[in-house]
Ligand code: AMP
C-alpha cells in the first residue's frame with residue numbers, strides 16, 4: 001500500500017494515518033513530524049525550519065524533499081507507506097513522482113479528506129499533543145484520563161504553537177493556494193479518491209477499509 005493523504009490541516013490525516021499504519025503494518029511518513037524532530041535535534045535546522053512552521057508557512061521544498069527521499073528509501077518503507085502532509089505543492093508532487101520512479105514504485109491512491117474550514121479550526125484549537133509519543137487529544141472529545149497528561153507516557157500535553165487560531169487561518173490559506181491544486185493534479189492521474197474528513201475516526205476507518213478492499217489494496 002503506497003498512498004498519499006491530502007486535505008486541509010485538521011482534516012484528521014495524522015490520526016487516520018496512525019490507525020492505518022497500525023492495522024496494515026505500513027510506515028507512516030509525516031513530514032510535519034519529521035520536521036518537528038529535525039527542529040528538536042539540530043540547532044541550525046531549528047533556526048531555519050521553525051520560523052516557517054511557527055508562521056504556518058511551507059518549509060522550503062529542498063529541505064522537505066531530501067528528508068522525505070531519505071525516509072522512503074529506508075528498508076521499512078519497502079512494504080508500503082502512507083504519506084501524511086506530503087506533497088503540499090505541485091513541485092513536491094512532481095519530485096515525488098520522479099523519486100518513486102527511481103525506486104521502481106508507483107502510488108496506489110491519493111485520499112482526499114474533504115473537510116469544512118470550521119471543522120479544521122475546531123479540531124486544531126482544541127488539539128493537545130504528547131510531546132513524547134505524538135498521541136493526539138482534544139479538550140472536548142478526546143480527553144486524557146488525567147487532566148492534560150498523556151495516558152501512555154504520563155507527561156504533560158502541549159498546545160502546538162501553530163495550532164493557535166491566527167496561525168491556523170494562515171495554514172488554511174497556504175493549503176488553499178498551494179496544496180488544493182493537487183486535487184486536480186491527482187484527479188487527472190486517476191489516483192484521487194474523496195472521503196469525508198468530518199467523520200469520526202472509527203467510521204472513517206471502516207469506509208477506508210471497504211475502499212481498499214474494492215481496489216485490491218488489502
Ligand atoms: P503538519 O504537522 O502536517 O500540520 O505540518 C506542520 C508544519 O510543518 C506545516 O505548517 C509546515 O510549516 C511544515 N510542513 C509539513 N509538511 C510540509 C511539506 N510537505 N512541505 C513544506 N512544509 C511542510
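Taking the criterion of being away from the ligand (no atom under 13 Å from the Cβ), assigned to a loop (DSSP other than H, G, I, E, B) and over 9 Å from the mean Cα position of the chain (by Cα), would at least one residue in segment 11-21 satisfy it? The answer is no, given that none of the residues of segment 11-21 is away from the ligand (no atom under 13 Å from the Cβ), assigned to a loop (DSSP other than H, G, I, E, B) and over 9 Å from the mean Cα position of the chain (by Cα). Filter segment 108-123 down to the residues that are surrounded by 16 or more Cβ atoms within 10 Å (Cβ to Cβ), modelled with pLDDT under 95 and in contact with a helix residue (DSSP H, G or I) (Cβ under 8 Å, 6 or more places away or on another chain), then identify the one that is nearest to residue 181 (Cα to Cα). For segment 108-123, the residue satisfying everything is 120.
Results for (1) free of Cβ contacts under 8 Å to residues at least 12 places away in the same chain; (2) under 19 Å from residue 115 (Cβ atoms); (3) assigned to a helix (DSSP H, G or I), shown as yes or no for each residue.
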| position | (1), (2), (3) |
| --- | --- |
| 140 | no, yes, no |
| 171 | no, yes, yes |
| 177 | yes, yes, yes |
| 183 | no, yes, yes |
| 190 | yes, no, no |
| 194 | no, yes, no |
| 204 | no, yes, yes |
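All told, residue 45 meets the bar of being crowded, with 16+ Cβ neighbours inside 10 Å, more than 9 Å from the ligand (Cβ to nearest atom) and farther than 22 Å from residue 106 by Cα. Candidates are the residues of segment 143-152 that are exposed (fewer than 15 other Cβ atoms within 10 Å of the Cβ) and within 22 Å of the chain's Cα centre (by Cα); the one that is nearest to residue 56 (Cα to Cα) is 143. In segment 100-117, is there at least one residue being under 30 Å from residue 152 (Cα atoms) and assigned to a helix (DSSP H, G or I)? No - not one qualifying residue is present in segment 100-117. Restricting attention to segment 24-37, the residues that are more than 12 Å from the ligand (Cβ to nearest atom) and part of a helix (DSSP H, G or I) total 1.
Here is the figure for segment 51-92: residues that are touching a strand residue (DSSP E or B) at 6+ places or on another chain (Cβ under 9 Å), more than 10 Å from the ligand (Cβ to nearest atom) and either outside any loop (DSSP other than H, G, I, E, B) or at pLDDT 95 or above (or both) total 6. Residue check: is residue 40 without any contact (Cβ under 8 Å) to a residue 24 or more places away in the chain, surrounded by fewer than 20 Cβ atoms within 10 Å (Cβ to Cβ), more than 8 Å from the ligand (Cβ to nearest atom) and within 23 Å of residue 166 (Cα to Cα)? No; evaluated as a whole, the condition is false for this residue.
In this structure, residue 135 qualifies as surrounded by 15 or more Cβ atoms within 10 Å (Cβ to Cβ), without any contact (Cβ under 8 Å) to a residue 24 or more places away in the chain and closer than 24 Å to residue 38 by Cα.
Of the residues 105, 68, only one is within 29 Å of residue 213 (Cα to Cα), touching a residue at least 12 places away in the same chain (Cβ under 8 Å) and surrounded by 16 or more Cβ atoms within 10 Å (Cβ to Cβ); which? It is 68.
The values are calculated or read from the model by the stated rules, or taken from the named source; none is laboratory data. Quick caveat, the model's predicted, so the values are computed rather than measured. Reconstructed Cβ throughout: ideal geometry from the backbone, glycine too, with neighbour counts over all protein chains shown.
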